[in-house]
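The values are calculated or read from the model by the stated rules, or taken from the named source; none is laboratory data. Note that the coordinates shown come from a computational prediction; the quantities given were computed from them, not determined experimentally. Neighbour counts run over all protein chains shown; Cβ positions are idealised from the backbone, glycine included. Accessible surface is based on the protein model in full, side chains and every heavy atom, while ligands, DNA and RNA are left aside. Shrake-Rupley method; radii C 1.70, N 1.55, O 1.52, S 1.80 Å.
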Amino acid sequence: MQQATLKVNGMSCQHCVNSIEKAVKEIGGSAHVDLKNNEVTVEYDENKLSLDAVKEAIEEQGYDVA
């Protein structure tokens with residue numbers, strides 16, 4: 001399993017947390033959202049999922065991945 005911490009802009013509430021966690025889970029990873037620091041820590045199997053795919057899943061929810 002790989003782990004990466006991404007800076008994500010545009011998050012402000014529990015709905016943001018839920019939508020990001022759900023989007024990452026749907027593609028086979030897991031996410032922990034830190035609203036205070038605008039960060040999302042993701043874990044994923046690099047043999048099944050790329051970091052770019054994780055970023056894209058978050059961006060599709062309307063957030064900017066820095």
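Listing for the model above:
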item	result
Whole-number percent relative contact order across the chain, with pairs defined as alpha carbons under 8 Å at least 6 apart	44
Where trypsin sites (Lys or Arg not before Pro) in DSSP loops with at most 11 other Cβ within 10 Å are excluded, longest remaining stretch of the chain	1-35
The chain, helix-only ellipticity at 222 nm - DSSP H runs n ≥ 4, -39,500 (n - 2.57), divided by all residues, nearest 500	-10000 deg cm²/dmol
Fluctuation leader among N38, N18, N47 - the chain, Gaussian network, Cα springs under 10 angstrom	N47
In nm, spacing of pseudo-spin labels at N47 and K22 (7 Å Cα→C-beta vector)	3.1
Carbon/sulfur fraction of accessible area - the chain, other protein chains in place, 1.4 Å, %	40
Compactness relative to 2.2 N^0.38 Å, alpha carbon Rg of the stretch 2-65	0.97
